[in-house]
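The values are calculated or read from the model by the stated rules, or taken from the named source; none is laboratory data. In this text the structure is predicted, and so the values were computed from the model without any measurement. Here the Cβ is made from the backbone with ideal geometry for all residues, glycine too, and neighbour counts use every protein chain on show.
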Amino acid sequence: MEKVISRHFGQDSSQSFINYVKDNGYRAARKALTHMTPSQVIDEVKKSNLRGLGGAGFPTGRKWSFIPRESPKPKYLVVNADEGEPGTFKDRYILEQDPHAVLEGIIITCFAIGSHKAYVYIRGEYEKSFQTFQGAVEEAYKAGFLGRGIMGMDFDIDVVVHQGAGAYICGEETGLLESLEGKKGFPRLKPPFPAVVGLFGCPTVVNNVETIACVAPIINKGAEWFAQLGCEKNGGTRLFCVSGHVQKPGLYELPMGTPLRAIIYEHAGGIPLGHTLKAVIPGGISAPVLTADEIDVKMDFDSLKAIGSMAGSGGIIVMDDTTDMVFAAMVAARFFANESCGQCSPCREGSGWAYRNIQRIYERTARPHDLNNLPGIVDNIGGNTICAFGDAVTMCVGSYVAKFRHEFENKIRGRICNIN
Amino acid sequence: MPHLTIDGKQIEVPAGTTIIQAAKKLGISIPHYCYHSALPIAGNCRICLVEVDKQSKLQISCYTPVAEGMVVSTNSPKVLEARKSVLEFLLVNHPLDCPVCDQSGECKLQDYYMAHGLYNSRLADVKVKKEKKAFSIGPTVMLDQERCILCTRCVRFTDNITKTHEFGIFNRGDHSQLDVYPGKQLDNNYSGNVVDICPVGALTDKDFRFKCRVWYLEPTQSVCPSCSMGCNITVEWDKSRPHAYKEARVMRLKPRLNPDVNSYWICDKGRYNYHFIDENRILRVQFKDELISWERAMDILAQAISPLRDSHRLNRIGVLASAQLTNEDLFVIQKLFKQLLGGVSVDFRVPEKPGDSDHFLMKADKNPNTAGAAVILASDGNAQQIMEKAKQGEIDVLYVFAHDLVKLWGKDTVEQIAGKVKLLVFQGSNINETCSYAHLNLPRSVYAEKEGTFTNCQSRVQRIWSAFPPLGEARADWEILSMLSEKLGTPLNYKDSQAIFKDIAATIAPFSEMTYEKLSDQGMLLKK
């Protein structure tokens, strides 16, 4: 299978400017800037069916086309490298193994949207990724591939690398923009969307690292080539981060739409020690959990949505039959309770409430009505908040109770008392 | 202009109006905590969610603009369920300490729970404990982090209205807490307003704490007398429990909305300047060391004035009027001393030091009616000259309204004058050093005890209402002068302040066409 995003991974000094250039690096950028118009670039990306690989799966070309070209304000590109979704570790590898692929994508994207400044917001804990990427930026500046008149052409691009401070919510694009502006990472009310009012009040495109890394190959080899790598409406490949109870956990670049069963059993080597599969989180912890019966689903945005889960960030967490699903739910709920930004009442109070409720179930101190109340509590969060974090709490925690209710009930049995 | 339907009622509103504003115009009140019409939209409390046709998710009505043909429901089952659940979430970590909370009775958590909650508690978990309870964050306000629902109204007030930036929300999730920034105190000229806009009991007023339950309070509309801005206020007084707090009647002042004057705000100087209404009052009519009746006091005055009138020596009378008085009082002074008794020197402009001021509401002129006094008294005399003349022995009767002469001119001067004039009359509301030098002390009522109008620095004439009868024997200034006019044989015959105002409108051009009805509760500008 052809590798697109991870083609340089594992090679000696794959992060170096020289090695990237040797392998036809920055050719796509030159091609876009010399032989294409911005709208041709956008059209090409639209045709490639590239979707936002941060988790939302929004068509990238369409997102770019929302930037008002005639606006007198500066436009910005913000690359979201605040990879915080539990179970996800792809952006980190891209930043560390192939940073110039990201920079080339940045150049092309900036050209397409008319931006001269890009910010890369890197998760605070990713110190090595930051150092490597910062080094790549400096190399590119030295080589004249960033800065004024890049590659000898009449186009300026500055890249600023910014380190986050450790909040999951700053991966939400408007929370990220607030944080980048120096404020507390509170997601913004929408509309207006960032394409109209984004960073510093200016039109802004926010794209994930992996999405940006796909841009240069699309320009090099064409939209049709990229689109046919994947499946319908989901172009290309993506990096699946497989962790948990598998023989070979790791990062796998596979076509969009690869069946989950194939990822677990063929690529990741199946469940170890003779155990059987119990559950899978298909796209980072926010994605509703799947049971062992549901793994024939194709791993693309539309197929997963159709069965009530989501492709999310590509973080696949595999759980075998030894897993206590109440414990798994509790860990997920604790994560949400810790990371809720605290802005909207339902999410702020509900995430903590749900966590403490599950904790009592896990500790076997809960009563039957506590379990009966739990789905209602988490249901009231989703859809009623500013950002999608609240929806994630509802969908994620709700799915454990819905699909593994008997395990929750087992922890309550014995506490049933007849005192009314 | 877009047309829309809210709960089956149709309305047309300007583009850009939000659903909550359009609903208000229809008389539909959508519950809200974080929304405040004078502050930027935060959209965080989520209780104002409504159902908009063709939208799968509920929308917050404070932020969603109206659109042509929009159909909104504020009471569909989905909306009611969401509203109830938001309340439930807000109360999850709320201490429910209503019995010891000052906000009780005017708390939006209580109100909305009764109207939209009424669920059985599903909470079996330990509440999150927050650090600061009954914690002083400045000279006037106490913070209770547990009661706070994190609506950020106070944060937005100090960020956008006072621009003093004292407040922030610290930590995240259900450990979020409101606090002042490290090393900062909530200490600006408008601190007290955060208590008004706080929808719950998180921010309470040190001046009001534990004095009175709010349901014992009776509100009376008024105008702040503490400076020339004339901010609109409500005097809140204890109607039925005189034993509750030092026998005081007034428990607090609250700002009252007037978009043309003070919006929703008042300064702290004005807010806390009400204790004089119930404390240290002049309660009895007193001549030298003797308590006397009003009747006798008027005899004494008439006996001093009549001979001067008969001998055409009215220039030996000096009147120090005051911009603390209402337009009505000043008009009666003008009518009595300048028309009926021509030749009397009258002035209200005393050498006062300018007070504190800022660029928002606080004015250096601490009198509520300087603009009115200037128009009505069209003064020829001069307070300084009157005092000089009194010192020289050229004044027989010196009639002083409200001013503390000792504070203005010093003890020695006042002592000297008291020895020179035949009758030094002090008509005041509160005991001060001048009282002891005055021969005749007459108790006047304060603004909360009478009807009338003040003219503020914008030349806006605004009404004050009487909350309760005057303390002791005090009477309104115009009433006292009416009594005097009868004794002098030239009765003024005013039965109430409204009758005086009619006369003002009829005779003083800038007031023409004004009536109490037209002034309503928002006032009218003087004609140029």
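Going by what's in this entry, would B:Leu178 be described as within 14 Å of chain A (Cβ to nearest Cβ), not in a loop (DSSP other than H, G, I, E, B) and not small (Gly, Ala, Ser)?
Yes, satisfied.
Within the set A:Arg334, A:Arg356, the sole residue that is closer than 17 Å to B:Arg122 by Cα and out of contact with any Lys or Arg (no Cβ under 8 Å at 6 or more places or on another chain) turns out to be A:Arg356. Quick check on B:Ser76: is it more than 24 Å from B:Ile169 (Cα to Cα), within 11 Å of chain A (Cβ to nearest Cβ) and among the small types (Gly, Ala, Ser)? For B:Ser76, the condition - more than 24 Å from B:Ile169 (Cα to Cα), within 11 Å of chain A (Cβ to nearest Cβ) and among the small types (Gly, Ala, Ser) - is not met.
Figure legend. Inter-residue proximity from region B:115-130: first residues in contact (Cβ under 8 Å) with a residue 12 or more places away in the chain, second residues surrounded by 17 or more Cβ atoms within 10 Å (Cβ to Cβ) and among the β-branched types (Val, Ile, Thr), beta-carbon distance below 7 Å, spacing 6+ or different chains. Indicated pairs: B:Leu123/B:Val92.
Taking region A:159-189 as the search range and keeping residues that are surrounded by fewer than 15 Cβ atoms within 10 Å (Cβ to Cβ) and in contact (Cβ under 8 Å) with a residue 24 or more places away in the chain, which one is nearest to A:Ala337 (Cα to Cα)? My answer is A:Gly166. Only one of the numbered conditions (1) more than 14 Å from every other protein chain (Cβ to nearest Cβ); (2) in a loop (DSSP other than H, G, I, E, B); (3) closer than 27 Å to B:Trp265 by Cα is not met by B:Ala23, and that is (2). Of the helices (runs of 4 or more DSSP H) lying entirely inside region A:290-394, those containing at least 3 residues that are touching a strand residue (DSSP E or B) at 6+ places or on another chain (Cβ under 9 Å) span A:301-306, A:325-339.
Just the residues that are more than 17 Å from B:Asp404 (Cβ to Cβ), crowded, with 24+ Cβ neighbours inside 10 Å and touching a Cys at 6+ places or on another chain (Cβ under 8 Å), please, taken from region B:354-374. Passing the criteria: only B:Ala371. B:Thr326 - would you say it is buried (at least 21 other Cβ atoms within 10 Å of the Cβ), farther than 19 Å from B:Leu484 by Cα and hydroxyl-bearing (Ser, Thr, Tyr)? Considered against the rule, which asks whether it is buried (at least 21 other Cβ atoms within 10 Å of the Cβ), farther than 19 Å from B:Leu484 by Cα and hydroxyl-bearing (Ser, Thr, Tyr), B:Thr326 comes out as no. The condition (being under 27 Å from the mean Cα position of the chain (by Cα), within 11 Å of another protein chain (Cβ to nearest Cβ) and touching a residue at least 24 places away in the same chain (Cβ under 8 Å)) is satisfied by just one residue among B:Thr164, B:Thr152: B:Thr152. Based on what the data block shows, is B:Arg209 under 30 Å from A:Ala167 (Cβ atoms) and of a type in the set (Lys, Arg)? Taking the combined requirement at face value, the residue does not satisfy it. Taken over region B:26-53, the criterion of being within 12 Å of chain A (Cβ to nearest Cβ), crowded, with 20+ Cβ neighbours inside 10 Å, in a loop (DSSP other than H, G, I, E, B) and aliphatic (A, V, I, L, M) is satisfied by B:Ala42, B:Ile47.
Taking the criterion of being of a type outside the set (Phe, Trp, Tyr), surrounded by 16 or more Cβ atoms within 10 Å (Cβ to Cβ) and touching a helix residue (DSSP H, G or I) at 6+ places or on another chain (Cβ under 9 Å), the residues of region B:162-179 that qualify are B:Thr162, B:Thr164, B:Glu166, B:Gly168, B:Ile169, B:Arg172, B:Gly173, B:Asp174, B:His175, B:Ser176, B:Leu178. On inspection, B:Met142 fails the criterion of being more than 14 Å from chain A (Cβ to nearest Cβ) and in a helix (DSSP H, G or I). Being more than 14 Å from every other protein chain (Cβ to nearest Cβ) and either in contact with a strand residue (DSSP E or B) (Cβ under 6 Å, 6 or more places away or on another chain) or under 16 Å from A:Ala101 (Cα atoms) (or both) is true of A:Phe145. Per the listing A:Ala333, A:Ala354, A:Ala287, the residue uniquely within 14 Å of chain B (Cβ to nearest Cβ), closer than 22 Å to A:Ser243 by Cα and either in contact with a helix residue (DSSP H, G or I) (Cβ under 7 Å, 6 or more places away or on another chain) or buried (at least 21 other Cβ atoms within 10 Å of the Cβ) (or both) is A:Ala333.
Exactly one residue among A:Glu96, A:Glu70 is closer than 18 Å to A:Val196 by Cβ and of a type in the set (Asp, Glu), and that residue is A:Glu70.
Determine whether region A:42-49 contains at least one residue that is farther than 20 Å from A:Gly257 by Cα and surrounded by fewer than 19 Cβ atoms within 10 Å (Cβ to Cβ). The answer is yes; a qualifying residue exists.
Residues that are of a type outside the set (Val, Ile, Thr) and either assigned to a helix (DSSP H, G or I) or out of contact with any helix residue (DSSP H, G or I) (no Cβ under 6 Å at 6 or more places or on another chain) (or both) were ranked within region B:54-63; the one that is surrounded by the most Cβ atoms within 10 Å (Cβ to Cβ) is B:Tyr63. The single residue among A:Ile106, A:Ile169, A:Ile94 that is of a type outside the set (S, T, N, Q), outside the structural domain of A:His245 (by TED's automatic domain parsing) and touching a Leu at 6+ places or on another chain (Cβ under 7 Å) turns out to be A:Ile106.
From the list A:Ala143, A:Ala112, the one residue that fits, being assigned by TED's automatic domain parsing to the domain that holds A:Thr37, crowded, with 24+ Cβ neighbours inside 10 Å and at pLDDT 95 or above, is A:Ala112.
No other residue among B:Leu109, B:Leu91 is among the aliphatic types (A, V, I, L, M), within 11 Å of chain A (Cβ to nearest Cβ) and over 23 Å from A:Lys190 (Cα atoms) apart from B:Leu91.
On the basis of being part of a loop (DSSP other than H, G, I, E, B) and hydrophobic (A, V, I, L, M, F, W, C), does B:Leu325 make the cut? Judged against the criteria, B:Leu325 is a match.
Scoring A:Ala366 on the criteria (1) crowded, with 22+ Cβ neighbours inside 10 Å; (2) modelled with pLDDT of 95 or more; (3) within 13 Å of chain B (Cβ to nearest Cβ) leaves a single failure, condition (2).
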